[in-house]
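The next block holds one structure in the form of structure tokens; read it before the comments.
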Amino acid sequence: MRAFARLFDRLDRTTATNAKVEALVDYFGTADPADAAWAVSFLTGRRIKRLVNTRELREWAAAASGLPLWLVEDSYEHVGDLAETLHLLLPPPDTGGAPPNLSRMVNDHLLALREADDDQRRRAVLDLWRQLDGSERFLFNKLLTGGFRVGVSKRLVTRALAEVAGVDSSLIAHRLMGRWQPTAEFFAALIAAKSDDDIDPAVPYPFFLASPLDNAAETLGEPDEWQAEWKWDGIRAQLIRRAGQTYVWSRGEDLMNGRFPEIEAAAEPLPDGCVLDGEIMAWRGDQPLPFALLQRRIGRKKPGAKSLADAPVAFLAYDCLESDGRDIRTRPLAERMERLDHALRAAPGLLRSRPVDFADWDALPALRAGARERGVEGLMLKRLGSPYRVGRTRGDWWKWKVEPYTFDGVLIYAQPGHGRRSGLFTDYTFAVHDGEQLVPVAKAYSGLSQAEIDRLDRWIRGHTRERFGPVRSVEPVHVFELAFEGIQASARHKSGIALRFPRIHRWREDLAVTDADSLSDLRRLLDGGRQPA
Amino acid sequence: MTDLLVPDAGGLYCAAGDFWIDPLRPVPRAVITHAHADHARAGAGEYFSARDGLPVLTHRVGESGRFTALDYGAPFELGQTRVTLFPAGHILGSATVRVESETGTWGVSGDFKRASDPTCRAFEPFACDVWLSECTFGLPVYRWPPTHEVIDDILDWWQGCRDAGRPAVLFCYALGKAQRILAELHNRAAGPVWLHGAMQPLTEVYRRQGIEMVATRPVSQADKGYRFAGDLVVAPPSAAGSPWMRRFPRHSAGFVSGWMRIRGHRRRRGYDRGFVLSDHADWPGLVETVEDMRARRVITIHGSGEALAGHLREAGLEAECWNLRASLQAARSA
């Protein structure tokens, strides 16, 4: 625990990427493999299932620090991070004894809480609070509450592990995919120098992610070196057929087997040793269905006959990563397309995302402009000669989304953010006119600069009308331009509509409240927009 | 019965004595607790300040107006009241104000702290009926570590920067905190420490008053192209992210403030290191001071006072929270 806490301190005390990698390399190069395995697990964002509910933690911390519960709650609202709040409120520890190793802390103390009854759990947590100090106690609380973000990305961890192992980071990325148990054996295999013959058949490849196109398409070079595709509005997924088994992985590395039986059935005839990259879509006939229908399926682990009929799904394949048991990611896209066609001939139930024909760059803007009517998000541009890379590597895959919808809304509620934005009012609710009233239509968190956030925060504090717990209602004065990706009718919202991915585009200080849009303006999009049955 | 002091002009007004404490708008007579900009503004007809605080005050608000220097603990008459200043321990020449009248005795803090500070006299409590307490850090998450530990941390960090050949840029408020750190470093570190231009004159004012500090040099006197490798540079937070910072390639940035107790506050400003050292009282200090002042009634001002007021009410005291800035806005819109 101590070595891990020192690693955390080093990571937390610099904003420089190289210094972070250096700290990680030092740690992974010297740590006990069982500890290092857990460190990899936590630093790459894996969580242990919440062991204690936060209400209990707050009550125990209140009792241990001699404070009333409401003061603990007020403090949490101010700090914006429960693990940190508890750490800051608890009295200094009793003893200076050495804390257990990270792996022992997790296995013997944290995971043991699962079997314990209420009273045992309370005593175990209070005991550890009395023993641990400084960063150790803060980290213990982090593990206890599940969330663990310390300002290192999975990519940095991968880079550091590759350096320790002396292998390419794409190999480490592959070894980190799928399901694994954080054990000493796993860590030894993770940093082993040898090649990858022993990778479990269920393990997916790391996804290659496109970057937003920020220059004109013309700057990419000759159009005949590029392939255009529609950018589908579904769930990115990898479909694996190996050793007579099918595995469906989401980009979030969730194994989704059982959720989409029609896709698993369609994948069964694929030749063995085949891995496809593509999109899970709500789909009927030859038409995409709205994303909202797909959402109904995502939550269902075992969909019934009715959801299968109401929200049918399909897999749209657009890349082939493994063919005849061979990893072909380094082969050029054009060649992988041939392997994709070959694989799909055996499995006609899987759909193919066909390239979009275009003769020159001038043809693309019109195609992109028509994306919304087709039910797609925009265009993808992929270099025909490029390999299938790892993660968000710029240069070969670009996404060119349609312009979002926008509207002008009035700020009516604000509440404090969390983590980096703790103590600042950064979560906003926006409203539009509905007759004499303002009805809330969107919550948004992002899109303002730090200077704007600071200024708005000060204004909110000075212009609060009412408080409802952490939420404040403010005088309706400020108008913001908000962007969003889609609109749906919703019975759950007072406004009757739900906006997809709303975010702040601009603070419109040039506009008065009367200039803001009305609910009927938004509803018109609902009627006029694409709403396939 | 009306209160002896009421919020007005962004500060507090005493009708019985016809004076204001720390007004933010021009008034005929102002009692100033200390020279920070949210307590002292130019434009008053007459200023009353602690003797030790007068040089800094005139540096900040200019020489126009009449200035009266008062000794700590020496009462003077203002209208129907008797006013006495006591050391607040906040910055050089800072004061708390005791206002005695026939309706009772009020104690008013500007800002104060209970930790020791080599640049100013330690806080002195006095008995009062009503205590107006600042509440900048009015939540129990704010607990300060001992000053010597924080100074050790700063020295360790500076040593680390020296080993790595990088400049160590330490951000802190230009008045009070900067000089406190420079005084703490006196005899513990070899200078010179480089100073941002905004800190130079105030530091000179402190030196002229006999405050011993580590040797300093203004950054503007460094040779062109000098890279400050391994040097300590002290600058106000406003310099962070400004083009001025280009003079310190590969620097590590630290910020000294009570706010650094909260990780998110540090991370969103992008500082590498946060050092928890404040010129304000922490939560235990606020609570302890309420006891020391032996007041029956407590009014929290300057900051998030609701939590402390609620806590004191539960302990059986009469307590409420006043928003002095609201008095300024009301006056403006009226």
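Bear in mind these aren't lab numbers, they're just calculated from the coordinates by the rules spelled out. Nothing here was measured: the structure is a model prediction, and the numbers come from that model. Cβ coordinates were reconstructed from backbone atoms using ideal geometry, including for glycine residues, and neighbour counts include every protein chain displayed.
How would chain A be classified by its alpha-carbon gyration tensor: rounded, prolate or oblate, with rounded meaning a/c under 1.5 and the a/b versus b/c comparison settling the rest?
Oblate.
Run the quick spin-label model on residue A:286 and residue B:67: label points 7 Å from Cα toward the beta carbon, then report their separation in nm to one decimal.
With each label placed 7 Å out from Cα toward Cβ, I get 8.7 nm.
Apply the Karplus parameterisation 6.51 cos²θ - 1.76 cosθ + 1.60, with θ equal to phi minus 60°, to every residue of the range A:349-364 and state each ³J(HN,Hα) to the nearest whole Hz, in sequence, with x for glycine and proline.
Each residue's phi maps through the Karplus curve to give x, 8, 8, 10, 7, 6, x, 8, 5, 8, 8, 9, 4, 4, 6, 6 Hz.
For a quick check: sort A:459, A:230 by the number of other beta carbons within 10 angstrom, fewest at the front.
A:459, A:230
I need two numbers for chain B: Rg to one decimal and Dmax as a whole number, Cα atoms only, in Å.
Spelled out, the Cα radius of gyration and Dmax of chain B are 20.6, 67 Å.
Which order do the peptides A:282-295, B:165-178 come out in when sorted by mean C-beta neighbours inside 10 angstrom, highest first?
Ranked by mean Cβ neighbours within 10 Å, highest first: B:165-178, A:282-295.
Going by average Cβ density within 10 Å per residue, which order do the peptides B:66-72, A:408-414 take, highest to lowest?
For the peptides B:66-72, A:408-414, the packing ranking is A:408-414, B:66-72.
Could you give the length gained on full extension between residue B:152 and residue B:291, defined as 0.36 nm per residue of separation minus the Cα-Cα distance, in nm?
Fully extending the segment from residue B:152 to residue B:291 adds 46.9 nm.
Is there a pair in A:154/A:301; A:49/A:142; A:231/A:306; A:49/A:306 whose C-alpha atoms are over 20 Å apart, and which pairs would that be?
A:154/A:301; A:231/A:306; A:49/A:306
In whole Hz and in residue order, list the ³J(HN,Hα) couplings for the range B:119-134 that follow from phi through the Karplus curve 6.51 cos²θ - 1.76 cosθ + 1.60, θ = phi - 60°; x for Gly and Pro.
Going residue by residue, I get 9, 8, 6, 5, 3, 10, x, 8, 7, 8, 7, 10, 10, 9, 9, 4 Hz, with x marking Gly and Pro.
Could you work out, residue by residue across B:259-272, how many beta carbons of other chains sit within 10 Å of that residue's beta carbon, and then give the average as an integer?
Mean shielding count: 6.
Show the residues, 5+ positions off or on another chain, whose built amide H is closer than 5 Å to the amide H of residue B:275.
Sorted by chain and number, the residues that satisfy this are B:255, B:256, B:257.
At R0 = 22 Å, how high is the FRET efficiency between residue A:490 and residue A:306 if r is their beta carbon distance? Nearest 0.05 is fine.
It comes out at approximately 0.60.
Which whole-percent values make up P(r) of the range A:55-159 when all C-alpha to C-alpha distances are grouped in 5 Å steps starting at zero?
The calculated distribution, bin by bin, is 2, 12, 21, 23, 20, 12, 6, 3, 1, 0.
Per residue of the range B:161-178, what does 6.51 cos²θ - 1.76 cosθ + 1.60 with θ = phi - 60° give for ³J(HN,Hα)? Whole Hz please, x for Gly and Pro, Karplus curve as stated.
So the Karplus estimates, Gly and Pro as x, are 5, 4, 4, 8, x, 10, x, 9, 9, 10, 8, 6, 5, 6, 10, x, 5, 4 Hz.
If you count the DSSP beta bridges with both ends in chain B, what percent of them are antiparallel, to the nearest 5?
Among the beta bridges of chain B, antiparallel pairing accounts for roughly 35 percent.
Once both labels are modelled 7 Å past Cα along the beta-carbon direction, what's the residue A:153-residue A:120 spacing in nm?
4.3 nm
Rounded if a/c is under 1.5, else prolate if a/b is larger than b/c, else oblate: which is the range A:196-298, with a ≥ b ≥ c the root eigenvalues of its Cα gyration tensor?
It comes out oblate by the Cα gyration axes.
So, with +1 on the Cβ of K and R and -1 on the Cβ of D and E, and no other charges, what is the size of the charge dipole of chain A about its Cα centre, to the nearest 20 debye?
Rounded to the nearest 20 debye, it is 900 debye.
Residue A:366 versus residue A:216, label points 7 Å from Cα toward the beta carbon: distance in nm?
The two pseudo-label positions are separated by 1.8 nm.
First measure r as the distance between the Cβ atoms of residue B:229 and residue A:6, then evaluate 1/(1 + (r/R0)^6) with R0 = 30 Å and state the FRET efficiency to the nearest 0.05.
My answer for the efficiency is 0.70.
As a footprinting exposure proxy, order A:105, A:177, B:199 by other Cβ within 10 Å, with the fewest listed first.
In increasing order of surrounding Cβ atoms, one gets A:177, A:105, B:199.
For the range A:108-185, which GluC sites (Glu not before Pro) are both in a DSSP coil and crowded by at most 11 other Cβ atoms within 10 Å?
Sparse-neighbourhood loop GluC sites (Glu not before Pro): A:115.
Compute the length gained on full extension between residue A:345 and residue A:133: take 0.36 nm times their separation in residues and subtract their Cα-Cα distance, giving the result in nm to one decimal.
Working it through step by step, the gained length comes to 70.1 nm.
What does the average come to when, for each residue of peptide B:135-147, you count the partner chain Cβ atoms lying within 10 Å of its Cβ?
The mean count of partner-chain Cβ atoms within 10 Å per residue comes to 3.
Mind checking the log10 I(q)/I(0) for the range A:1-77 at q = 0.18 Å⁻¹? Debye, one equal scatterer per Cα, no solvent, two decimals.
At q = 0.18 Å⁻¹ the computed log10 ratios are -0.85.
How much length, in nm to one decimal, is gained on full extension between residue A:373 and residue A:224, taken as 0.36 nm per residue of separation minus their Cα-Cα distance?
Contour length minus Cα-Cα distance gives 51.0 nm.
Cross-link partners among aspartates and glutamates for residue A:494, C-alpha distance below 12 Å, same-chain residues fewer than 8 apart left out?
Leaving aside aspartates and glutamates fewer than 8 places away in the same chain, those within reach of residue A:494 are A:434.
Taking chain B as a Gaussian network, where each spring joins two C-alpha atoms under 10 Å apart, which residue of B:17, B:225, B:93 fluctuates the most?
B:225
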